[in-house]
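**Student:** Supplied in structure tokens, the structure appears directly below.
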Amino acid sequence: MEPASEPTPAEESAEDAPFDPHNIPKKYDSQTLEWYILKVQVNRETTIRDALLRRIKMEGLDDYFEEVIVPTEDIVEFTRSGKRKVVKRKLYPGYIMVKMMLQDDSWFLVRETPGIGDFTGTFGKPTPMPAHEVERILSVAQPEEDSKGEEPQLKTAIPFNAGDRVRVKDGNFQNFEGEVDGIDEANGRVTLIINIFGRSTPVELEHWQIEEI
């Protein structure tokens, strides 16, 4: 009986072939920089953004990332003494935005950064933000001067919600009580429903003219 012949390379099974990490199919391999939304821990948005930026630099993946932001807007607040101050308010607490090239390395870096939950998307797959949505958010987060060179009008932080019971503390309706019906942050005004001579009457006041009961 003749001995069995040695198997040729073509006859070797795939299991016997040497492991080549370069042949592993990539999960993500985008060559385009796009905006994505990341879910993060609430009240730690800025800290987590800074941590992600540090990791990007440490891992040498700067080419995969262009920008990481916490969307905010400037609003006007008033202290108890009536002093005006401009502060930043988060547009979407619990979320940050990142403009990146979605590849396996960049995906893993994001997912392994403490405080980041996941990308927003469908069926567990990161979904890029539509261009019009990015433009809308950035126009609020990074307002530009108007055509006359004037600064954009800031919203006023109004510490009331529709349905709140309040008391008027200044003006013609002082000491009247009513219910908040509408809020105009752009102009810092509040619409109340006040009972006047037995009739529910809408009255518009400056937000500082009322106080919570």
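**Student:** Quick one: order Phe123, Phe78 by neighbouring beta-carbon count within 10 Å, fewest to most. Don't skip to the end; give the middle numbers.
**Tutor:** Working: Phe123 5, Phe78 16.
Least to most surrounded, the residues fall as Phe123, Phe78.
**Student:** Another question about this same structure. Hey, if you drop one equal point scatterer on each alpha-carbon of region 158-212 and run the Debye formula without solvent, what base-10 log of I(q)/I(0) do you get at q = 0.22, 0.28 Å⁻¹?
**Tutor:** Debye output, listed in q order: -0.72, -1.17.
**Student:** Which residues' amide hydrogens lie under 5 Å from the amide hydrogen of Thr72, considering only partners 5 or more residues apart or on another chain, with H built in the peptide plane?
**Tutor:** Leu91
**Student:** How many nm is it between the label spots at Val86 and Asp105, if each spot is 7 Å from the Cα in line with the beta carbon?
**Tutor:** So the label points at Val86 and Asp105 sit 4.1 nm apart.
**Student:** Obtain the nm distance between the two label points defined at Asp118 and Ala131 by a simple spin-label model: each point lies 7 Å from its Cα along the Cα-to-C-beta direction.
**Tutor:** Result: 2.9 nm between the two label points.
**Student:** Quick check on my link table: of Lys83/Lys169; Lys57/Lys125; Lys57/Lys85; Lys27/Lys88, which ones sit more than 29 Å apart, alpha carbon to alpha carbon? Numbers along the way, then the final one.
**Tutor:** On the way: Lys83/Lys169 17 Å; Lys57/Lys125 25 Å; Lys57/Lys85 35 Å; Lys27/Lys88 38 Å.
Flagged as over cut-off: Lys57/Lys85; Lys27/Lys88.
**Student:** Which value in nm describes the separation of the simple spin-label points at Val76 and Ser200, placed 7 Å from the Cα toward the beta carbon?
**Tutor:** My value for the distance between the label points is 3.1 nm.
Bear in mind that the values in this text are calculations on the coordinates, not laboratory data. The model shown is predicted, which means the values in this text are computed figures rather than measured ones. When we count neighbours, we look across all protein chains shown, and the Cβ atoms used for this are built from the backbone with ideal geometry, even at glycine.
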